[in-house]
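Read through the structure below, which is laid out as structure tokens, and then see the notes.
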Amino acid sequence: MASNYAVETKGLTRSFGDRDAVRELTLAVEPGEIFGLLGPNGSGKTTTVRMLLGLIAPTSGDAQVLGCDVRSASHKIRERTGALMEHDGLYERLSARENLRYFARIYGLPSEARKTKITELLRGIGLLDRGDERVSRWSKGMKRKLAMARALVHDPEMVFLAEPTAGLDPIGTREVRETIRTMARDSGKTFFLCTHNLNEAERLCSRVGVLHRGRLIACGRPDEIRASVSRPTVRLGLRGKNERMMAEIGALPFVKSVQRSGEEVAVELDDLKRTGDVVRFLAAQGADIYKVEPVHRSLEEVFLELVGEEQ
Ligand SMILES: Nc1ncnc2c1ncn2[C@@H]1O[C@H](COP(=O)(O)OP(=O)(O)OP(=O)(O)O)[C@@H](O)[C@H]1O
Ligand SMILES: [Mg+2]
């Protein structure tokens with residue numbers, strides 16, 4: 001039966017020799033969402049996307065993209081999706097406009113539509129006035145943006161992007177992210193990003209899947225993933241020497257650990273709701289508390305922890 005998800009995989013596996021590059025991957029991506037496949041080098045991201053685009057066959061398991069089976073209908077998938085992988089895949093000797101025209105022709109866009117689309121795309125990446133220059137003279141960031149425009153030339157329903165902002169400066173990065181967000185919101189396109197940049201995933205993606213050695217070790221909203229592994233911790237600022245108090249807090253039943261660095265103390269709790277109890281306890285001992293704040297760990301730290309747990 002055709003899946004209603006933009007991507008649905010069940011037990012998707014791909015081996016190269018005796019190595020499983022992707023192992024038993026089961027996930028679903030909703031239409032219109034920006035999904036991030038996150039993982040360190042060699043974790044299986046590119047292999048997953050290549051299977052989803054029908055460029056390599058799965059060893060076992062199933063996958064559908066836009067309701068099309070990756071084994072039997074990969075030509076349909078490639079018609080209805082766009083992809084920007086690690087390499088820009090541009091023709092350096094052609095101009096930007098010629099590059100886009102070439103790809104638009106491959107997709108069979110009629111000549112009038114082609115012109116309008118190319119102008120719209122070049123304007124979208126802020127390079128309309130440079131469109132007639134040879135791409136070989138362009139900077140890395142400009143090429144990356146053009147490559148993204150190329151992936152959109154046939155107005156695909158879904159776009160696969162590997163490291164979309166790699167090599168871009170902060171302004172370029174913001175522009176590309178804004179473009180992705182706007183397209184997901186206004187035209188309902190689904191985006192499937194591959195990245196090891198957690199910051200990017202956190203800013204851009206509604207949901208992320210974390211791959212490690214070919215296995216999905218976590219999947220959900222970035223904040224859900226953070227909550228699933230992070231222990232609730234409160235940071236206190238205390239003036240003066242409080243050695244004895246530290247030992248006493250450490251012995252409280254709802255405190256799991258106490259770590260001190262200078263005047264700051266990180267207290268790991270069963271639940272952040274216990275913060276008041278810790279503060280009251282310290283205040284009753286006469287502690288001079290000048291700061292109380294919950295510790296929000298970045299996705300980066302959570303990621304290292306998730307990956308570490310799997311070692
Ligand atoms: N054609 C191939 N032949 C043999 N092994 C392969 C092939 N393609 C991928 N692999 C192996 O599969 C594993 C996953 O590779 P993959 O390229 O999918 O990782 P990745 O997550 O995209 O990494 P990166 O972040 O570095 O791009 C690696 O161990 C890699 O060596
Ligand atoms: Mg890769």
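The values are calculated or read from the model by the stated rules, or taken from the named source; none is laboratory data. Note that this is a predicted model, so its numbers are computed, not measured. Cβ placement follows ideal geometry from the backbone for every residue including glycine, while neighbour counts extend to all protein chains displayed.
Some points to look at:
- From the options Arg14, Arg23, residue that is touching a residue at least 12 places away in the same chain (Cβ under 8 Å), under 14 Å from Ser60 (Cα atoms), in the same structural domain as Pro58 (by TED's automatic domain parsing) and within 20 Å of the chain's Cα centre (by Cα): Arg23
- Filter result for the condition that a residue is of a type in the set (S, T, N, Q) and within 17 Å of Leu122 (Cβ to Cβ), over Ser206, Ser139: Ser139
- Any chance Ile180 is in a helix (DSSP H, G or I), surrounded by fewer than 18 Cβ atoms within 10 Å (Cβ to Cβ) and among the hydrophobic types (A, V, I, L, M, F, W, C): no
- Among the numbered conditions (1) within 15 Å of Cys194 (Cα to Cα); (2) without any contact (Cβ under 8 Å) to a residue 40 or more places away in the chain, the only one that Leu84 does not meet is (2).
- Options Gly39, Gly61; residue that is within 15 Å of ligand 2 (Cβ to nearest atom), among the small types (Gly, Ala, Ser), in contact (Cβ under 8 Å) with a residue 24 or more places away in the chain and in the same structural domain as Arg203 (by TED's automatic domain parsing): Gly39
- Some residue of the stretch 184-194 being surrounded by 17 or more Cβ atoms within 10 Å (Cβ to Cβ), at negative phi, assigned to a helix (DSSP H, G or I) and touching a strand residue (DSSP E or B) at 6+ places or on another chain (Cβ under 7 Å): yes
- All strands (runs of 3 or more DSSP E) inside the stretch 1-114 with 1 or more residues being over 22 Å from Arg144 (Cβ atoms) and within 13 Å of ligand 1 (Cβ to nearest atom): 7-16, 19-29
- Considering the stretch 64-80, and only residues there that are among the aliphatic types (A, V, I, L, M) and touching a Gly at 6+ places or on another chain (Cβ under 9 Å), the residue that is farthest from ligand 2 (Cβ to nearest atom) turns out to be Ala73.
- Residue within the stretch 142-153 that is over 27 Å from Arg78 (Cβ atoms) and either crowded, with 17+ Cβ neighbours inside 10 Å or not assigned by TED's automatic domain parsing to the domain that holds Leu204 (or both) present: no
- Close Cβ contacts (under 9 Å, 6 or more residues apart or on different chains) running from residues in the stretch 44-58 that are in the same structural domain as Leu211 (by TED's automatic domain parsing) and touching a residue at least 40 places away in the same chain (Cβ under 8 Å) to residues that are of a type in the set (Ser, Thr, Tyr) and within 13 Å of ligand 2 (Cβ to nearest atom) comprise Lys45/Thr195; Ile56/Thr47.
- Entry remark, the stretch 53-80: residues being touching a Ser or Thr at 6+ places or on another chain (Cβ under 8 Å) and under 19 Å from Ala2 (Cα atoms) number 12 in total.
- Flag if Ser228 is farther than 30 Å from Gly42 by Cβ, loosely packed, with under 14 Cβ neighbours inside 10 Å and of a type in the set (Ser, Thr, Tyr): no
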